[in-house]
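Encoded as structure tokens, the structure appears first; notes follow it.
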Amino acid sequence: MKQNLLTSGRRSFPIAPSACTPRRSAVVSIAVLVLLSFGVARAAHAQEPNTLSPEEKNAGWRLLFDGHTAAGWRGCKSTTMPASWKVENGSLLSRPAQGESTGDIVTVDQYGDFELSLEWKMTKGGNSGVIYRATEDSEHVWETGPEYQILDNNGHMDGLNPLASAGACYAVFAPAKDLTRPLGQWNQTRIVAWGKHVEHWMNGEKLLEYDIDSEVWRAHVKTSKYFQTAYGQGNWGRAPKGHIALQDYGGAIEYRNIKIRPATP
């Protein structure tokens, strides 16, 4: 049987149940209630999803999703949202159903230099992506901008290929490691795009970085599927500004806490 513990500083002192007088038990009970109330009060003051703290507002962050509507988003090459995208329980999610329209979505506004932060989770075998500095100059949005891969590494075959695993700059740069959390848990993604320098982060750790048009970047792009769209038939990855796009690739995916800090207001 576990002993009751009264904690003082870093030491814990066992209290024998038989030694507790009614008065002492009442004091201990009150102390427990006070601690519980303090914990509830702290939880109540924790930042709610899809909100900005005063510090974030002062630093120039903006919400791209308010948790209630899809305002600020639209279908790629469309003025409306595909039916597969919904807002439920504070999440912007794609859950395609038979007979519904599907497709990638993009922000109404475009961004050049920025820091983007969001959270995501998915079902088994899920596959999605965050495409940045994307344009609508090609048939598909992924043909225009780099993609931060969103994937269930353990349940999707692309997880076997580092260049296609979660956090990769899809098909071009592999992440340093697999930092995805178990299915059902939220992952935190951060993308920094400042001039030609780009960084991918996940759950607080940097996965990769690259500089557009550098020798290393050109070598990686040359051996990827984007070589023609970067140097022949388009301008893949080289647009100075563009939309933020969320990919609808057939599986269920949820996003929340989507916020951006542009270089200029």
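Bear in mind these aren't lab numbers, they're just calculated from the coordinates by the rules spelled out. For clarity, every value in this text was computed on a predicted model and none was experimentally measured. Positions of Cβ are generated from backbone atoms using ideal geometry, with glycine treated the same way; all protein chains shown enter the neighbour counts.
Starting from the stretch 59-119, pick out the GluC sites (Glu not before Pro) whose DSSP state is loop and whose Cβ has at most 15 other Cβ atoms within 10 Å.
Qualifying residues, ordered by number: Glu100.
Past the 28 Å Cα-Cα mark, which pairs from Lys57/Lys177; Lys196/Lys225; Lys77/Lys241?
Exceeds cut-off: Lys57/Lys177.
Any aspartates and glutamates with Cα under 14 Å of the Lys121 Cα? List them, leaving off those in the same chain fewer than 8 positions away.
Glu88, Asp152, Asp248, Glu254
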